[in-house]
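Below: the structure, in structure tokens.
Any read-out appearing in this document is the output of simple, stated calculations on the displayed coordinates, not a laboratory observation. This is a predicted model, so every value here is computed, not measured.
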Amino acid sequence: QVQLVESGGGLVQPGGSLRLSCEASGSIFSFSRMGWYRQAPGKQRELVASITSDSSTNYADSVKGRFTISRDNAKNTVYLQMNSLKPEDTAVYYCNLRLRRADYWGQGTQVTVSS
């Protein structure tokens, strides 16, 4: 069983930055596609960014140029660097690990962008 533990959320002013981290247990991390999703109140969960096992990345249009996803296979950790944050980035952010038909989720971390 894979466990994902997110950290790094919090309250930040508009224009500020945060870095989210997600550490995975087990031995399949390096083979897995990792993603960050978010869910705002009253909205569906949406993909923010993803990174494949060979480090190809994909971003939602709303975060392109502001967010960067990266991974460190030696630490079983995926990161989301978020810059130029906007109030509309406020949401619970979830880490996802996907390998073939297996899909695992973290517990979520709150990001609030407000002055």
TODO: Just subtract the alpha-carbon distance of SER25 and SER62 from 0.36 nm times their residue separation and send over the number in nm, one decimal.
DONE: 10.3 nm
Task: Spatially proximal lysines relative to LYS43 (Cα-Cα < 21 Å; intrachain offsets below 8 disregarded) - done: LYS64, LYS86
- [ ] Beyond 21 Å, what share of the Cα-Cα pairs of the chain is found? Please give it as a whole percent.
- [x] 30
Task: log₁₀ of I(q)/I(0) at q = 0.14, 0.19, 0.21, 0.25 Å⁻¹ - region 1-48, Debye sum with one point per alpha carbon - done: -0.49, -0.83, -0.95, -1.11
Task: Bridge type composition, the chain - antiparallel percent by DSSP, nearest 5 - done: 95
Open item on the list: I want to verify a result. In a Gaussian network model of the chain, Cα cutoff 10 Å, which of these has the top mean-square fluctuation: TYR79, TYR104, TYR94?
Closed with: TYR104
TODO: Quote to one decimal, in nm, the extra length available between SER17 and SER70 on full extension: 0.36 nm per residue of separation minus the C-alpha distance between them.
DONE: 17.5 nm
